[in-house]
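> Would you mind keeping the following structure in view while I ask a few things?
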Amino acid sequence: MSLLDENTSILQRLAERGDDMHRARPVDFAHIFTDRSSAERFADRARQAGFRVNVVATEDGEAPWDVIVTKEMVPSPEEITSTEASLDALARNEGGQADGWGFFQV
């Protein structure tokens with residue numbers, strides 16, 4: 001299953017549960033890093049691209065740094081997939097990787 005197909009399926013299930021997929025909301029994209037400096041470099045690049053960013057130390061010994069990147073959007077499969085892929089590429093350039101996305105129901 002492609003990333004686009006997976007995201008389409010997730011959004012369809014959310015819509016079936018009553019979430020209004022036509023309303024904009026903050027969508028959080030999570031990224032994990034093994035060290036703070038890599039996480040901070042990625043965070044700086046994401047901020048420069050216009051995203052809101054939060055760097056968080058975690059209890060995870062393998063990936064102790066989370067960077068949550070937030071974008072206000074109407075959650076379409078194409079928009080989420082495109083954003084997820086571009087942020088993952090930025091994260092991988094700094095030694096990290098994408099770790100999913102999510103938002104609160106509206």
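The values are calculated or read from the model by the stated rules, or taken from the named source; none is laboratory data. The model shown is predicted, which means the values in this text are computed figures rather than measured ones. Reconstructed Cβ throughout: ideal geometry from the backbone, glycine too, with neighbour counts over all protein chains shown. When the accessible area is computed, the model is the full protein with side chains, heavy atoms only, and any ligands, DNA or RNA have been set aside. Shrake-Rupley method; radii C 1.70, N 1.55, O 1.52, S 1.80 Å.
> Rounded to the nearest 500 deg cm²/dmol, what is the calculated helix-only ellipticity per residue at 222 nm for the chain, with -39500 (n - 2.57) per DSSP H run of length n ≥ 4?
Result for the chain: -13500 deg cm²/dmol, rounded to the nearest 500.
> Considering every pair of different Cα atoms, what Kirkwood radius, in Å, is found for the chain? Could you put the intermediate results ahead of the total?
Values: mean 1/r = 0.0707 Å⁻¹.
One decimal place: 14.1 Å for the Kirkwood radius.
> Counting only protein heavy atoms and using a 1.4 Å probe, what share of the accessible area of the stretch 1-99 belongs to carbon plus sulfur, as a whole percent?
On the stretch 1-99, the fraction of accessible area on carbon and sulfur atoms equals 46 percent.
> Report the local net charge at Arg36: Lys and Arg +1, Asp and Glu -1, summed over other residues whose C-beta lies under 12 Å from its C-beta.
So the surrounding residues net to -3.
> Hey, what D do you get for the stretch 65-106 in µm²/s if you plug the Kirkwood alpha-carbon radius into Stokes-Einstein at 4 °C and 1.567 mPa s?
Estimated via Stokes-Einstein, D reaches 116 µm²/s.
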